[in-house]
Amino acid sequence: MKKVFVNGYGSIGSRITKFIKDDPDIDVVGIGKHSSNEKVQHVINDGFSVYVPGDKIDNFKNYDISGSIESVIDNCDLVIDASPGGNGFVNKKNIYEPKGIKAIFQGGETIFNDNAVADILFNSRVNYTEAFNKKYVMQGSCNVTGMGRILNPLREKYADKLARFDATLIRRWADLEQTDKQTVDTIEMTEQPHHATDVKAYFGNDVPLFVRAIKVPTKQMHLHIMDIRFNGNAPTSNEIHELFKNEYGVAILWTAKGTKDIRDFAESTKFSFKDTNMLHIHANMTTSTGDTIQLMYSDDQTGIVIPENYMLLQAMLFQRDYKDALKRTEKLFNMDQKKKLLEEHFSKKD
Ligand SMILES: NC(=O)c1ccc[n+]([C@@H]2O[C@H](COP(=O)([O-])OP(=O)(O)OC[C@H]3O[C@@H](n4cnc5c(N)ncnc54)[C@H](OP(=O)(O)O)[C@@H]3O)[C@@H](O)[C@H]2O)c1
């Protein structure tokens, strides 16, 4: 049994915890909370022990906390850091590194420059075994994970026939449960988005990927619009859909009018957290013209990285064989069943 501590219980940390607790080889020893608010009691009610920064213990005297983060970490095998972007680096320097504990970081961190949390950015479909002997690994963000999941099968199949990828990322403003975060009536432009550089961390700097990003006032997923240019004629749309037919974590939908349709279906079908945990290719929007495939897919922002964290955990703690890890991931997340239900519900109507 391996002991895992989850530092941060927001959108990502709470989801990871509630799934990995069902792996019989994992003991979730506790959760790190940083603000003394009513959410402390929610964590306790969810059945987990709460630990807080040693120098803030006095702020939590109204709650039944179990001790300091610093002390619990001495007694575990790995930390999943799910803190707001940038805090993971600070936690690494102040706690994980001095204590020599393995750690997984999330997509709001970086693997570049002086604030690097790791020297590897993870995508289970691309570099699963490279995480086996690492002490620190960063899980790619939701957008980076999504692009990797699309680009990897294309690269495997078409290799030198691919000339260039141009992606426009239409990013959601906030997450569903962030009820205190107002969406603002604007379309915000993102200068120098990190996503292409992050994707190139596992595909190499020479990948001809060009990314633009904007943020729009919705909480219902990201949408990526991607133009894939080929040397010579592009394949047909059908050939592209066939390529992704059996891809784990990718559903092919024909009749979803928008991202909220998918979220509403996930809710009505009682998927955990209303997440699909995957990408959805909007097949009705695919075109093949001359040398270019135009592709659109939506990316379940909170859901997609959770099974990825679990794959990463299995690589770092157990060095499980890829197929075995995927089988166990399927057992916890039921992604094949979710994909089947989504594809049936949003199937092509002739
Ligand atoms: N949300 C997404 O869709 C999404 C998708 C992919 C990746 N990510 C990445 O995942 C990470 C977490 O994002 P999130 O959306 O889960 O954020 P979030 O909902 O704001 O949750 C962050 C949690 O971290 C806790 N926290 C605050 N300061 C901390 C510290 N110094 N050390 C440890 N924990 C701390 C907060 O606890 P208190 O309330 O106690 O302060 C809060 O529960 C970020 O790197 C983000 O970029 C997010």
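The values are calculated or read from the model by the stated rules, or taken from the named source; none is laboratory data. What you see is a predicted model, and the numbers here were worked out from it, not measured in a lab. Positions of Cβ are generated from backbone atoms using ideal geometry, with glycine treated the same way; all protein chains shown enter the neighbour counts.
Taken over segment 16-37, the residue count meeting the criterion of being near the ligand (Cβ under 8 Å from one of its atoms) and either among the basic types (Lys, Arg) or within 19 Å of residue 175 (Cα to Cα) (or both) is 1. Can you find a residue that is basic (Lys, Arg) and either under 25 Å from residue 10 (Cβ atoms) or assigned by TED's automatic domain parsing to the domain that holds residue 251 (or both) anywhere in segment 118-128? Checked segment 118-128: no residue is basic (Lys, Arg) and either under 25 Å from residue 10 (Cβ atoms) or assigned by TED's automatic domain parsing to the domain that holds residue 251 (or both). For residue 185, the criteria (1) at negative phi; (2) more than 16 Å from the ligand (Cβ to nearest atom); (3) assigned to a helix (DSSP H, G or I) hold in every case but one, which is (3). Among the numbered criteria (1) assigned to a helix (DSSP H, G or I); (2) surrounded by 14 or more Cβ atoms within 10 Å (Cβ to Cβ), which one does residue 323 miss? So the condition that residue 323 fails would be (2).
Look at segment 224-237: where a residue is in contact (Cβ under 8 Å) with a residue 24 or more places away in the chain and a partner is in a loop (DSSP other than H, G, I, E, B) and among the charged types (D, E, K, R), sitting 6+ places away or on another chain with Cβ atoms under 8 Å, you get 229/291; 230/291; 231/291; 232/291; 233/291; 234/291.
The single residue among 149, 212, 171 that is within 15 Å of the ligand (Cβ to nearest atom), part of a strand (DSSP E or B), under 30 Å from residue 273 (Cα atoms) and under 22 Å from the mean Cα position of the chain (by Cα) turns out to be 171. Only residues that are in contact (Cβ under 8 Å) with a residue 40 or more places away in the chain, outside any loop (DSSP other than H, G, I, E, B) and of a type in the set (A, V, I, L, M, F, W, C) were counted in segment 188-209, giving 4. Among the residues of segment 294-313, those identified as crowded, with 22+ Cβ neighbours inside 10 Å and part of a strand (DSSP E or B) are 295, 297, 298, 299. Of the candidates 265, 273, the single residue that is in a helix (DSSP H, G or I) and at pLDDT below 95 is 273.
Within the bounds of segment 330-338, is there any residue that is of a type in the set (Lys, Arg), away from the ligand (no atom under 16 Å from the Cβ) and either surrounded by 21 or more Cβ atoms within 10 Å (Cβ to Cβ) or not in a helix (DSSP H, G or I) (or both)? Yes: one or more hits. Filtering 123, 113 for residues that are away from the ligand (no atom under 14 Å from the Cβ) and either under 14 Å from the mean Cα position of the chain (by Cα) or polar (S, T, N, Q) (or both) leaves a single hit, 113.
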